[in-house]
Amino acid sequence: PVRLTRARLRTDGDLAQSADQALGKNTADLGELIGSVAGAEAAEQFEQLWFGHVTDLFNYARGVADKDDAVQVEASQRLDDYTIELSQFLETATNKAVSASDLEAELRRHVEHLLQQVDAYAEGDYDRAFALERAGYAHMFEVGKVLAAGILTAGGEELPADFDDPASELQSQLGMLLGEHAELAVDAMRSGFSNSPDFPAAGAALDENTRQITGMIESVFGADSASSFQNLWADHIDSFVVYTQALAMDDAALEDAATKGLEEFNTNFAKFLSTATEGRLAAPALADGFVMHEDLLFEQINAYAERDYSTAHEVSFGAYKHMFELAAQAATAIGDTVAARSPKGGAQTGADGTPAITRP
């Protein structure tokens with residue numbers, strides 16, 4: 001919805017239409033999950049409600065762009081109705097495994113994030129718009145976890161034993177941040193190519209994402225490793241920016257420089273993670289994973305430059321999903337590394353029985 005509403009604010013009809021199509025596919029995917037528990041009729045009802053709120057968000061952005069207060073008010077009122085209707089529907093669909101009152105509050109928060117980022121973007125307050133985008137993104141992971149538990153319970157299944165364990169939480173948090181990295185990289189590359197005024201804010205949001213990932217690295221591997229990670233990751237992002245500049249200027253030499261920069265990053269970053277995890281993340285396989293990440297981001301910006309927005313959206317979604325595959329590999333290796341370094345037996349624990357874990 002963020003890209004859909006911003007495309008409408010920029011009066012880019014083709015981009016808005018392709019974003020709308022991408023959201024339609026996302027809605028169908030969500031409907032399939034609901035249908036697996038509540039049946040085809042419930043899936044159809046869910047899709048109508050869910051896509052209805054996408055339409056209302058678009059209309060709100062249209063009202064803001066056209067300075068039409070009546071359209072904005074109507075869209076806001078319809079979104080209020082949506083939060084009530086969808087929360088009640090999901091309570092019924094999950095046999096009350098999900099509380100309508102609790103979910104309604106979360107859906108209102110979701111809508112507020114999206115409406116407020118529209119307002120901020122329209123006012124040219126791009127830093128706030130991206131901050132709200134990031135807050136809304138993280139919030140939907142919280143909502144998704146609640147709904148996942150409800151869907152599993154409603155389907156007669158017990159929650160997996162590892163649903164809330166530290167390893168699963170690490171993988172979820174790492175996936176969320178790496179997925180956001182891919183999404184913000186897409187935003188920054190497209191803004192850079194179009195020379196959009198929101199480019200500095202997109203870059204700042206990407207930097208903040210990097211700081212959060214760096215914080216996770218430091219919590220596991222210590223400050224020195226975190227510093228090495230941050231420097232490598234920043235070079236990785238810079239190469240994407242350079243590639244985008246090269247594409248905008250049709251500068252083959254600059255494009256080659258960006259490609260070589262990423263090749264160097266792949267080698268150095270793979271070695272860094274392999275060393276940090278004591279070989280549990282194999283360097284060649286990891287390098288190949290990041291080559292795929294880069295290829296997908298290149299492919300989406302190339303399609304965007306050619307105004308093939310449908311392909312750009314499809315490929316960017318592939319880039320997003322791919323980061324969760326990398327997160328799963330990394331989380332497993334990190335967890336195993338920490339476990340291997342943890343003390344074994346009473347002699348290696350502190351006086352109070354607390355493990356005396358030493359960072360590398």
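The values are calculated or read from the model by the stated rules, or taken from the named source; none is laboratory data. Here the structure is a predicted model, which is why all the values come from computation and not from measurement. Positions of Cβ are generated from backbone atoms using ideal geometry, with glycine treated the same way; all protein chains shown enter the neighbour counts. Keep in mind that these areas ignore ligands, DNA and RNA; they rest on the heavy atoms of the full protein, side chains included. Shrake-Rupley method; radii C 1.70, N 1.55, O 1.52, S 1.80 Å.
Points to keep in mind about this one:
- Flag if SER172 is of a type in the set (Ser, Thr, Tyr) and within 18 Å of the chain's Cα centre (by Cα): yes
- Single match in VAL73, VAL118 (criterion: crowded, with 21+ Cβ neighbours inside 10 Å, part of a helix (DSSP H, G or I), touching a helix residue (DSSP H, G or I) at 6+ places or on another chain (Cβ under 9 Å) and of a type outside the set (Lys, Arg)): VAL118
- Residues in the stretch 217-249 that are surrounded by fewer than 16 Cβ atoms within 10 Å (Cβ to Cβ) and hydroxyl-bearing (Ser, Thr, Tyr): SER219, SER227.
- Residue tally, condition touching a helix residue (DSSP H, G or I) at 6+ places or on another chain (Cβ under 6 Å) and surrounded by 14 or more Cβ atoms within 10 Å (Cβ to Cβ), over the stretch 140-156: 4
- Here ALA201, ALA188 are screened, and the one residue that is in contact (Cβ under 8 Å) with a residue 60 or more places away in the chain and open to solvent by less than 50 Å² (accessible area, probe 1.4 Å) is ALA201.
- Criterion applied to LEU178, LEU159 was being without any contact (Cβ under 8 Å) to a residue 24 or more places away in the chain, touching a helix residue (DSSP H, G or I) at 6+ places or on another chain (Cβ under 8 Å) and more than 30 Å from ALA65 (Cβ to Cβ), and the one residue passing it is LEU159.
- Condition check for ALA252 on (1) out of contact with any helix residue (DSSP H, G or I) (no Cβ under 6 Å at 6 or more places or on another chain); (2) open to solvent by less than 60 Å² (accessible area, probe 1.4 Å); (3) not polar (S, T, N, Q): one failure, at (2).
- Here the stretch 76-107 is the region considered, the condition is being open to solvent by 70 Å² or more (accessible area, probe 1.4 Å) and not acidic (Asp, Glu), and the residue that is nearest to HIS53 (Cα to Cα) is ARG78.
- One residue alone among ALA105, ALA93, ALA129 is closer than 24 Å to GLU32 by Cβ and of a type outside the set (Phe, Trp, Tyr), and that residue is ALA93.
- All positions within the stretch 204-214 that are open to solvent by 40 Å² or more (accessible area, probe 1.4 Å) and more than 15 Å from the chain's Cα centre (by Cα): ALA204, ARG211
- Selection status of PHE193, surrounded by fewer than 21 Cβ atoms within 10 Å (Cβ to Cβ), touching a residue at least 24 places away in the same chain (Cβ under 8 Å) and of a type in the set (Phe, Trp, Tyr): yes
Residue-by-condition table, conditions (1) among the acidic types (Asp, Glu); (2) at pLDDT 85 or above; (3) open to solvent by 20 Å² or more (accessible area, probe 1.4 Å):
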| site | (1), (2), (3) |
| --- | --- |
| GLY279 | no, no, yes |
| LEU286 | no, no, no |
| ILE301 | no, yes, no |
| PHE324 | no, yes, yes |
| PRO343 | no, no, yes |
| GLY346 | no, no, yes |
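- Put simply, of ASP162, ASP127 the only residue that is in a helix (DSSP H, G or I) and open to solvent by 40 Å² or more (accessible area, probe 1.4 Å) is ASP127.
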